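Novice: One structure, as structure tokens, below. Some questions next.
The values are calculated or read from the model by the stated rules, or taken from the named source; none is laboratory data. Predicted model only: the values in this text are computed from it and were never measured. Positions of Cβ are backbone-derived with ideal geometry, glycine not excepted, and every protein chain shown enters the neighbour counts. Each accessible area value is taken on the protein alone, full model and side chains, heavy atoms only, with ligands, DNA and RNA left out. Shrake-Rupley method; radii C 1.70, N 1.55, O 1.52, S 1.80 Å.
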Amino acid sequence: MSHASKTKVGLLQFAPQRGDISANIEKIDYLLSNSVKADIWILPELASSGYNFASFEEAMDCSEKIDNSNFVNFLIRKAESLNTWIVSGINERDGDKLYNSAVLISPEGLEGVYRKLHLFNREKLFFEPGNMGLPLFDTPFGKIGLLVCFDWMFPEVWRIMALKGAQLICHPSNLVLPYCQSAIPGMALNNRIFIATTNRTGLDGDLEFTGQSVLVNPKGEYLLNLSKDEEAGRIAEINLNDALNKQMTPMNNAFDDRREDIYTLIETANTSTPQQQKKNLRKHIRKLKTQYSPETLKTIGCDVIQQLEKLPEFQKAKTIFIYWSLPDEVPTHEFIEKWRKDKTFILPRIVGDHLELRQYTGIESLKPEDSFGIQEPTGPVLTDLDEIDLAIIPGIAFTEEGTRMGRGGGYYDRTLPFLENACKIGVAFPFQVVEEIPIEEHDITLDKVIYKSLIE
Ligand code: ACM
């Protein structure tokens, strides 16, 4: 999509009244009608309903279903008549649940909804935490993301949206603490994006809001900075394409310089299935792996094997189920050769959708590659699986707790339950160990995962 190079962004700061949707519509109508023209307006959090509810019932009484909402319908009419886009906080009802949401509206109608992920203080008494992930929206101006108020405190959400291409993040707020407005330039600079934080003003019960709505550019500079108490629409013109340039110096790029081999950021929105999440994770690990030369992988892999050799489980083991490694796996060839006089090694061979377990009887006995590129054993078939006292298992990703994700064929998950006497140990490169792997019913948990050198 080609985008307009100049966009007028407006912050509409005011004090919504608690429990009075009509009064809030009237106030917004008045302020928008008396402001200069903007291409997109950002309104505060819970602009439809006010904030400081005394009870769930009070919050429920001034909530609306998005598809049957006077507030949303008013915003759509206003967006159409002013030929503008509008982002606003709204008290959203869905069945018997409430969400602290933001809507994105174009002159054509409703474009999207975001539900606040991180609830602040007593909001937890009234609202459900968001369950729609971090959606991004293509607009004529560029890619836009939405956050609501206390979400700001979590750098991950800014980063994830920026990595996914957000150029402007619109951030309806009802801030009471004094930190956010001075933290926003850091978020904008770290991610080289525009941020529009529209706060509310005034009092609601015992809460006093801090106003001072800000628009910040990718250099972390304030373009708009409203006062604490003014109720007004203020605009500034920006070029969202500025947010596409992540270059900081001729040799530094805010995104390319990230050390994804050391730290990774994986969004697991609960809108996607475990299978989709696993697919994303496989893709992610594959990408990390391409950053290492085969020599480096071998060096790291040999470290892992050395650790394995020190384990009592290995030293005691007589019959070891292991794999004949592919070039991108922790290498096992020299290890197996080194120990084969002392221990019996069993290798898998794919037969149909099962693994047949055969004894390793020397390199010369391996058959050329199967359809996965794996060399196959031709030694005697092991019939008594109880003999196996140690299983060393490769995978694509592991957690420290022993969750394993394989290549997706499910061969190990079907075989490992039969190895009742075996201690099951996963071996991995450090970048294959992640915080979380979506678990499916058939997934087998390992007893241990070895992945880094003992000498750090
Ligand atoms: C807030 O999240 N309304 C502080």
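Novice: In whole Å, what is the distance between the alpha-carbon centres of segment 147-207 and segment 312-331?
Specialist: That distance is 50 Å.
Novice: Report in % the part of the accessible area of segment 1-70 that belongs to carbon and sulfur, leaving out ligands and nucleic acids; probe 1.4 Å.
Specialist: On the way: 1370 of 3050 Å².
About 45 percent, which is the carbon plus sulfur part of the accessible surface.
Novice: Additional query: Residues of segment 100-141 with backbone nitrogen within less than 17 Å of a virtual label 7 Å along the Cα-to-Cβ line of Asn83, please, listed as ranges.
Specialist: 106-109, 140-141
Novice: Local charge sum around Trp85 (other residues, Cβ-Cβ under 9 Å, Lys/Arg +1, Asp/Glu -1)?
Specialist: Numbers: positive: none; negative: Asp39, Glu111.
Around Trp85, the charge tally is -2.
Novice: Sort Arg115, Arg234, Arg93, Arg286 by heavy-atom solvent-accessible area, probe 1.4 angstrom, most to least.
Specialist: Arg286, Arg234, Arg93, Arg115
Novice: Express in Å², to the nearest 10, the accessible area of Arg340 obtained by rolling a 1.4 Å probe over the protein heavy atoms while all chains stay in place.
Specialist: Accessible surface of Arg340 is approximately 90 Å².
Novice: Dipole of the chain (Lys/Arg Cβ +1, Asp/Glu Cβ -1, origin at the Cα centre): which of His333, Ile25, Ala397 lies farthest to the positive side?
Specialist: Of His333, Ile25, Ala397, it is His333.
Novice: Roll a 1.4 angstrom probe over the protein heavy atoms and tell me the percent of accessible area of segment 146-187 that is carbon or sulfur. Write down the numbers at each step before the final one.
Specialist: Numbers: 900 of 1260 Å².
Ligands and nucleic acids excluded, carbon and sulfur give 71 percent.
Novice: Moving on to the next point. Quick one: dipole size for the chain, taken about the Cα centre, charges +1 on Lys/Arg Cβ and -1 on Asp/Glu Cβ, in debye to the nearest 20. Walk me through the numbers before you get to the answer.
Specialist: Working: 49 positive and 65 negative charges, 229 e Å.
Using Cβ point charges on Lys, Arg, Asp and Glu, the chain gives about 1100 debye.
Novice: Got a number for carbon plus sulfur as a percent of segment 247-380's accessible area, 1.4 Å probe? Write out the running numbers ahead of the final one.
Specialist: On the way: 4130 of 7820 Å².
Carbon plus sulfur share of accessible area: 53 percent.
Novice: Taking only C-alpha pairs under 8 Å that are 6+ residues apart, what is the relative contact order of segment 149-229 in percent? Provide the component values of the computation, followed by the final result.
Specialist: Details: 157 pairs, mean separation 21.6, N = 81.
This gives 27 percent for segment 149-229.
Novice: Another question, then. At 1.4 Å probe size, with no ligands or nucleic acids counted, give the accessible surface of Glu329 in Å², nearest ten.
Specialist: Approximately 30 Å² for this residue.
Novice: Also: May I ask you to rank Tyr179, Tyr292 by accessible area, largest first, using a 1.4 Å probe over the protein chains only?
Specialist: On the way: Tyr179 130, Tyr292 50 Å².
From most accessible down to least: Tyr179, Tyr292.
Novice: Let me ask something else. Using 0.36 nm times the number of residues separating Glu260 and Glu441, minus their current alpha carbon distance, what extension gain do you get? Walk me through the numbers on the way to the answer.
Specialist: Details: separation 181, 0.36 × 181 = 65.16 nm, distance 2.99 nm.
So the chain would gain 62.2 nm between Glu260 and Glu441.
Novice: For n ≥ 4 DSSP H runs only, could you compute -39500 (n - 2.57) per run for the chain, divide by its residues and tell me the 222 nm figure to the nearest 500?
Specialist: Numbers: 10 runs with 103 residues, N = 456.
Theoretical 222 nm ellipticity from helices: -6500 deg cm²/dmol.
Novice: While we're on this one: Name the long-range amide H neighbours of Leu382: under 5 Å, sequence gap of 5 or more, or other chain; modelled H, no Pro or chain starts.
Specialist: Residues meeting the criterion, in which the H sits 1.01 Å from N, are Leu357, Arg358, Gln359.
Novice: Another one. How much area per residue is accessible in segment 281-399 when the probe is 1.4 Å and only protein heavy atoms are counted (Å²)?
Specialist: Numbers: 5960 Å² over 119 residues.
On a per-residue basis, segment 281-399 sits at 50 Å².
Novice: Go through segment 323-331 residue by residue and turn each phi into a ³J(HN,Hα) via Karplus (6.51, -1.76, 1.60, θ = phi - 60°); whole Hz please, and just put x for glycine and proline.
Specialist: 10, 8, 5, 7, x, 9, 10, 3, x
Novice: Pop a pseudo-label 7 angstrom from the Cα along the beta-carbon direction at both Arg122 and Asn190 and give the gap in nm to one decimal.
Specialist: 3.0
Novice: Using heavy-atom solvent-accessible surface (probe 1.4 Å) with all chains present, what is the largest-first order of Val433, Val381? List each step's numbers first, then the result.
Specialist: Values: Val433 30, Val381 70 Å².
Accessible-area ranking of Val433, Val381, largest first: Val381, Val433.
Novice: Taking 45 Å as R0, compute the FRET efficiency from the Cβ-Cβ separation of Lys228 and Gln291 and round it to 0.05. Don't jump to the answer; show the numbers that get you there.
Specialist: Details: r = 48 Å, r/R0 = 1.07.
My answer for the efficiency is 0.40.
Novice: Run the simple label-point estimate for Lys298 and Glu401 please: 7 Å along Cα→C-beta, distance reported in nm.
Specialist: The answer from the label model is 3.7 nm.
Novice: Still on this model: Nearest 0.05, what FRET efficiency do Leu385 and Ile363 give at R0 = 30 Å with Cβ-Cβ as r? Don't skip to the answer; put the middle values down first.
Specialist: Values: r = 25 Å, r/R0 = 0.82.
It comes to 0.75.
Novice: Ala183 versus Arg282, label points 7 Å from Cα toward the beta carbon: distance in nm?
Specialist: So the label points at Ala183 and Arg282 sit 3.8 nm apart.
Novice: Tell me, what is the per residue accessible area of segment 167-215 in Å², probe radius 1.4 Å?
Specialist: Details: 1370 Å² over 49 residues.
Value for segment 167-215: 28 Å² per residue.
Novice: May I ask you to compute the full-extension gain from Lys338 to Met251, defined as 0.36 nm times their residue separation minus their alpha-carbon distance, rounded to one decimal in nm? All intermediate terms of the calculation are to be shown ahead of the outcome.
Specialist: On the way: separation 87, 0.36 × 87 = 31.32 nm, distance 4.59 nm.
Here the answer is 26.7 nm.
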